[in-house]
1. Which net charge results when you count Lys and Arg as +1 and Asp and Glu as -1 among the other residues whose beta-carbon is under 10 Å from that of C:LEU45?
2. From the C-alpha coordinates alone, can you work out the Kirkwood hydrodynamic radius of chain D, in Å?
3. If A:LEU106, B:LEU34 are ordered by their accessible area, calculated over protein heavy atoms with a 1.4 Å probe, which sequence runs from highest to lowest?
4. Once a ≥ b ≥ c are taken as the square roots of the eigenvalues of the Cα gyration tensor of the protein assembly as shown, is the result rounded (a/c under 1.5), prolate (a/b larger than b/c) or oblate (a/b not larger than b/c)?
5. May I ask you to give the percent of accessible area on chain A that is carbon plus sulfur, with a probe radius of 1.4 Å?
6. Of A:VAL85, A:VAL100, A:VAL33, which is the most mobile in a GNM of chain A whose springs link Cα atoms less than 10 angstrom apart?
7. Return the single residue from D:GLY37, D:GLY80, D:GLY63 with maximal mean-square fluctuation; model: Gaussian network over chain D, springs between Cα atoms under 10 Å.
8. Averaged over its residues, how many other protein chain Cβ atoms are within 10 Å of peptide B:68-79's Cβ atoms?
4 protein chains.
Amino acid sequence: MKAFGQKTWLIPDTFLHSVSRSEEDKSHEAICVLNTGTRDAIIKLTLFFEDREPCRDFSARCGAMRTHHIRMDRLRTVDGRGIPVDTPYAVLVESDVPIVVQYSRLDTSAAEMALMTTIAFGVD
Amino acid sequence: MKAFGQKTWLIPDTFLHSVSRSEEDKSHEAICVLNTGTRDAIIKLTLFFEDREPCRDFSARCGAMRTHHIRMDRLRTVDGRGIPVDTPYAVLVESDVPIVVQYSRLDTSAAEMALMTTIAFGVD
Amino acid sequence: MKAFGQKTWLIPDTFLHSVSRSEEDKSHEAICVLNTGTRDAIIKLTLFFEDREPCRDFSARCGAMRTHHIRMDRLRTVDGRGIPVDTPYAVLVESDVPIVVQYSRLDTSAAEMALMTTIAFGVD
Amino acid sequence: MKAFGQKTWLIPDTFLHSVSRSEEDKSHEAICVLNTGTRDAIIKLTLFFEDREPCRDFSARCGAMRTHHIRMDRLRTVDGRGIPVDTPYAVLVESDVPIVVQYSRLDTSAAEMALMTTIAFGVD
């Protein structure tokens, strides 16, 4: 199948709330990747902050003809660090093959939950 | 009227929650199609997963100068199967005529409800 | 100021819930228009349905260098009809000058409220 | 790093609710900017209204290789005025270097909260 999409995607508004209603309904963000092509995607994630240098220590993969809903709260660097919580950040997603990227956030810091989503900004 | 839009659309973040507050307020997703042209649209839906081969068994139609809010929870294959619940997936929408596609999700798994929407990613 | 945007915009997922928590917090949709140019915008709205012919009886205006958050629940035809409630529909927005269009929905049919928004699909 | 994005962005639907559940969970909007380039971004914000002239008194900055989640409820003009509350408005974002812009709103006017987001409309 054709590899639809683009190789570079940007998400200016990412934020992981440290408070959740419960362990089952955890506040989380997902960078959702769709790879319709026949080659696996190797994905570099660069995190940008308001007051410090970018962090290039996170990466992910998405198999050929697969989706990967990358849960940012579960993502770890090779030395075991997670992403910072309660910190405004932004993400640059770079893949070696074309992909499509959508960003979604579920917030359960209140008793009920709130959802938001958008297709990321893609660059050729 | 002119057939506005594109023939190929991608939605990386789809997910059907199995829990709903009530039968009237069922958690659901809709792939909303607008066909402004004068020919009916025949629509192939390919579902992508995180850990198995894509599924090409779902399809839909949208009449000429009509909209179709395709309720994913009601969609069935010819042999009566529905889409998997509580499973991260992604959708490739392919139409034989230009259409515009927007994806929306209503989640009522908590007592109250949450909504999210985005125009899908369109390809010429 | 330059007239940014496009003249044709499409919104596949529109829906006006008949139930609201209260008169002050009414469930509503808004087609939000931004006209940065120096000429007023005359805006035709065509409503598409799942099971009947399109309706071309609604229109709106947006002044030069103004925004207009068109409340769909308050919009009336020249003979006083409103848009149908609890009915899936879609909207084609056509302006005589370039504009930018964003669609938002507030649902207060449950005790709490849910919000969703997206930039509409623009066509040159 | 390359300066991804565009210099002009438009957001037709902005609105700052005056009611919040609490000071910690304040209803707010954020215009989230990502500047991946090596030069700081100087950002002009022009506010458009439904019934008065545009306001050009707000501005912001985003450092090189930084993000800035511009909290509209905290933004002030040089003479200390904030943006009007409970007023439909729209925003034109103009930067001197390429950026990517996403708009998000958190509403806590009800007991629980609602979220919405979209990538803004970018112009080359």
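The values are calculated or read from the model by the stated rules, or taken from the named source; none is laboratory data. What you are looking at is a predicted structure, and each value in this text was computed from that prediction instead of being measured. In this analysis, Cβ positions are derived from the backbone assuming ideal geometry, glycine residues included, and neighbour counts consider all displayed protein chains. Accessible surface is based on the protein model in full, side chains and every heavy atom, while ligands, DNA and RNA are left aside. Shrake-Rupley method; radii C 1.70, N 1.55, O 1.52, S 1.80 Å.
1. Charge balance in the 10 Å sphere: 0.
2. 14.9 Å
3. On the way: A:LEU106 25, B:LEU34 0 Å².
Correct descending sequence by accessible area is A:LEU106, B:LEU34.
4. Working: a/c = 1.29, a/b = 1.00, b/c = 1.29.
It is rounded, given that a/c, with a ≥ b ≥ c, falls under 1.5.
5. 48 percent
6. Highest fluctuation of the listed residues: A:VAL85.
7. Residue with maximal mean-square fluctuation among D:GLY37, D:GLY80, D:GLY63: D:GLY80.
8. Numbers: counts 7, 8, 0, 1, 0, 0, 0, 0, 0, 0, 0, 0.
Mean number of neighbouring Cβ atoms from other chains: 1.
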